[in-house]
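Data first, discussion second: the structure below is written as structure tokens.
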């Protein structure tokens, strides 16, 4: 009986792709995919793979942490039969749904955030943060993001905190505020200037891992 393409099978396919021929360059992205899915366990191969991920997200420029277009995962019906698995159904990015789920779980933010204080207008910040994402065809692109209003894990990753922004909803007779309500939350960096690249990924157990490269 054929089995679906499980994580173990995906590892076998990626491993097979990684040994194309000794004369060809080693596809590091096959190792990055496998090691990332395993939470980068201690090994020579995974240490090299993680070092390459850190190099890629260290400006400048910031590169996609996982580039699966450099890791061929094609498999013929004959090879699938020999492996005892069903031939995978590939999408427009040449990936199986399971492999794509690992890739799409990656969150990467290029943080460029400056916070200062203005006597007239109060606190002011300059947020040029970008967020990276993978398209359906496997391509990678940067879009407009935000550190201040981004996910809570960003503040934790950079060593900052998330604060509640309150507004007065009820005043007393003297014009003072009698009751405040939280209107939104904002991330705050550890200092007035926060720059770096924050990366979050999930391993095959569902556990999340964060990395932050400051510059």
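Yes/no per residue for (1) farther than 30 Å from residue 69 by Cβ; (2) outside any loop (DSSP other than H, G, I, E, B):
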| residue | (1), (2) |
| --- | --- |
| 159 | yes, no |
| 178 | yes, yes |
| 201 | no, yes |
| 211 | no, yes |
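Give me the residue from the stretch 181-210 that is more than 19 Å from the chain's Cα centre (by Cα) and exposed (fewer than 13 other Cβ atoms within 10 Å of the Cβ) and, out of that set, nearest to residue 59 (Cα to Cα).
193
Conditions tested, residue by residue: (1) in contact with a helix residue (DSSP H, G or I) (Cβ under 9 Å, 6 or more places away or on another chain); (2) without any contact (Cβ under 8 Å) to a residue 24 or more places away in the chain; (3) farther than 22 Å from residue 39 by Cα.
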position: 103; (1), (2), (3): yes, no, no
position: 113; (1), (2), (3): no, no, yes
position: 151; (1), (2), (3): no, no, no
position: 166; (1), (2), (3): no, yes, yes
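Considering the stretch 95-137 alone, what residues qualify as being farther than 20 Å from residue 69 by Cβ, touching a strand residue (DSSP E or B) at 6+ places or on another chain (Cβ under 9 Å) and exposed (fewer than 13 other Cβ atoms within 10 Å of the Cβ)?
116, 117, 118, 123, 124, 126 - these are the residues of the stretch 95-137 that are farther than 20 Å from residue 69 by Cβ, touching a strand residue (DSSP E or B) at 6+ places or on another chain (Cβ under 9 Å) and exposed (fewer than 13 other Cβ atoms within 10 Å of the Cβ).
Would you confirm whether any residue within the stretch 83-101 is within 26 Å of residue 145 (Cα to Cα), assigned to a loop (DSSP other than H, G, I, E, B) and at pLDDT 80 or above?
At the first step, the residues of the stretch 83-101 found to be within 26 Å of residue 145 (Cα to Cα) are 93, 99-101.
Filter once more, so that each one left must be assigned to a loop (DSSP other than H, G, I, E, B): 93.
Next, from what is left, pick out any that are at pLDDT 80 or above: 93.
Taking every residue of the stretch 83-101 in turn, at least one turns out to be within 26 Å of residue 145 (Cα to Cα), assigned to a loop (DSSP other than H, G, I, E, B) and at pLDDT 80 or above.
I need a count of the residues in the stretch 104-130 that are in a strand (DSSP E or B) and under 21 Å from residue 209 (Cα atoms).
Of the residues in the stretch 104-130, 6 are in a strand (DSSP E or B) and under 21 Å from residue 209 (Cα atoms).
If you go through the stretch 23-33 one residue at a time, do you hit one that is surrounded by 13 or more Cβ atoms within 10 Å (Cβ to Cβ), in a loop (DSSP other than H, G, I, E, B), modelled with pLDDT of 90 or more and out of contact with any strand residue (DSSP E or B) (no Cβ under 6 Å at 6 or more places or on another chain)?
no
Just a yes or no: is a residue in the stretch 131-146 assigned to a loop (DSSP other than H, G, I, E, B) and modelled with pLDDT of 95 or more? Before the answer, list the steps.
Quick first cut of the stretch 131-146, residues assigned to a loop (DSSP other than H, G, I, E, B) only: 135-139, 145-146.
Narrowing the set further to residues that are modelled with pLDDT of 95 or more leaves 145-146.
Within the stretch 131-146, one or more residues are assigned to a loop (DSSP other than H, G, I, E, B) and modelled with pLDDT of 95 or more.
The values are calculated or read from the model by the stated rules, or taken from the named source; none is laboratory data. Because the structure is predicted, anything quoted here is derived from the model rather than measured. When we count neighbours, we look across all protein chains shown, and the Cβ atoms used for this are built from the backbone with ideal geometry, even at glycine.
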